[in-house]
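Working notes for the structure below.
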Amino acid sequence: MTKLSVIIPSYKESENIARLSKRIIEVMPSARIFIVDDTPDDSCVKEIEKLALENVELFHRGAKGGRGSAVIHGLKVQVERGSDYILEMDADFSHPPEQIPEMLEKMQRENLDLLIASRYIEGSEIKNWPLSRKLFSAFANRIARLFLRVPVRDYTNGYRLYSKRAAVQIVKSCQKPSKGFIALSEILVNLYYRGYAISEIRTCFMNRVRGESSLSSAEIKDAIKGLVKTFFTIASIKRERKAQVIAQ
Ligand SMILES: Nc1nc2c(ncn2[C@@H]2O[C@H](COP(=O)(O)OP(=O)(O)OP(=O)(O)O)[C@@H](O)[C@H]2O)c(=O)[nH]1
Ligand SMILES: [Mg+2]
């Protein structure tokens, strides 16, 4: 049977994390959930203990290390455990778990390495985001596309499915990811410019109802630094691939 792992980065998500884990298991009873939790206290740990589901595991780091590094840690653990497919999604119900079977089916049918649930393709929806967030996200995506030139519409939605070989590549290439959402663009670049198969699927993104946002001005500064770093990554991957061709 196909082994699917779901990585959920979590920071102060005690109002969401158990509810979400339960919903995922209802949709995909065979999935294994791996939560990488940076909440300083044990509020999320307690919620998951209370839930007591065998296939839901929480790894408590206990200090804010960033969404990017939480996901890379999760990918590393799941690669070592031999997962066939690894999904990442936010803890705040922005990403509908009901879509997991559809994503998995497309991934397998088209033999993809990365499938992005994209907010910016036909048929997609963004619900309950204030205009300021919509504009910020659209602007961040435009800028990322301008500099990074990967032919996808959504560089920053953290609802994505990876193949095993893509996950192995990410763990190897993205050891020091940026802290916030720009790490998603770093991963994208590291796969696209090495020739991995990438596609998008329509989705319905919903603003969080419970818990607090971790988007801050520090994260925006981190995104600008991350974008510059990723821009230079493209040149180094191209050099690396050229050297491989010459060596052959
Ligand atoms: N492990 C870990 N998870 C984080 C960290 N920062 C954010 N997250 C999680 O990453 C996901 C995305 O963060 P959000 O706060 O929802 O960011 P956002 O979606 O841009 O903002 P809002 O939805 O408006 O609150 C959520 O599941 C957070 O709990 C972190 O430092 N460490
Ligand atoms: Mg969110």
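Figures for the structure shown
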item: V36 vs. criteria more than 16 Å from ligand 2 (Cβ to nearest atom) and either open to solvent by 30 Å² or more (accessible area, probe 1.4 Å) or not in a helix (DSSP H, G or I) (or both); result: no
item: Inter-residue pairs, beta-carbon under 6 Å, first part of a loop (DSSP other than H, G, I, E, B) and in the stretch 121-134, second more than 13 Å from ligand 2 (Cβ to nearest atom), 6+ apart; result: I121/R153; I121/E200; I121/R202; G123/R202; S124/R202; S124/T203
item: Filter result for L112 (open to solvent by 10 Å² or more (accessible area, probe 1.4 Å) and either hydrophobic (A, V, I, L, M, F, W, C) or free of Cβ contacts under 8 Å to residues at least 12 places away in the same chain (or both)); result: yes
item: Qualifying residue in the stretch 177-189 (condition: touching a helix residue (DSSP H, G or I) at 6+ places or on another chain (Cβ under 8 Å) and farther than 30 Å from R81 by Cβ); result: no
item: Residue match in the stretch 34-51 (condition: within 21 Å of G158 (Cβ to Cβ), touching a strand residue (DSSP E or B) at 6+ places or on another chain (Cβ under 7 Å) and more than 14 Å from ligand 1 (Cβ to nearest atom)); result: no
item: Residue count, the stretch 219-237 (criterion: open to solvent by 60 Å² or more (accessible area, probe 1.4 Å) and either assigned to a loop (DSSP other than H, G, I, E, B) or within 16 Å of ligand 2 (Cβ to nearest atom) (or both)); result: 1
item: Restricting the stretch 59-82 to residues that are more than 10 Å from ligand 1 (Cβ to nearest atom), open to solvent by 20 Å² or more (accessible area, probe 1.4 Å) and assigned to a helix (DSSP H, G or I), the residue that is nearest to D42 (Cα to Cα); result: V77
item: Pairs where the first residue, in the stretch 202-225, is over 22 Å from R160 (Cβ atoms) and the second is away from ligand 2 (no atom under 11 Å from the Cβ) and modelled with pLDDT of 95 or more, C-beta under 8 Å, 6+ apart; result: R210/E15; E212/K12
item: Single match in S137, S185, S163, S216 (criterion: among the polar types (S, T, N, Q) and surrounded by fewer than 20 Cβ atoms within 10 Å (Cβ to Cβ)); result: S216
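The values are calculated or read from the model by the stated rules, or taken from the named source; none is laboratory data. As the structure is a prediction and not an experimental result, all values here were calculated from the model. Please note: Cβ atoms are built from the backbone with ideal geometry, for glycine as well, and neighbour counts cover all protein chains shown. Protein only, heavy atoms only, side chains kept; ligands, DNA and RNA dropped before computing areas. Shrake-Rupley method; radii C 1.70, N 1.55, O 1.52, S 1.80 Å.
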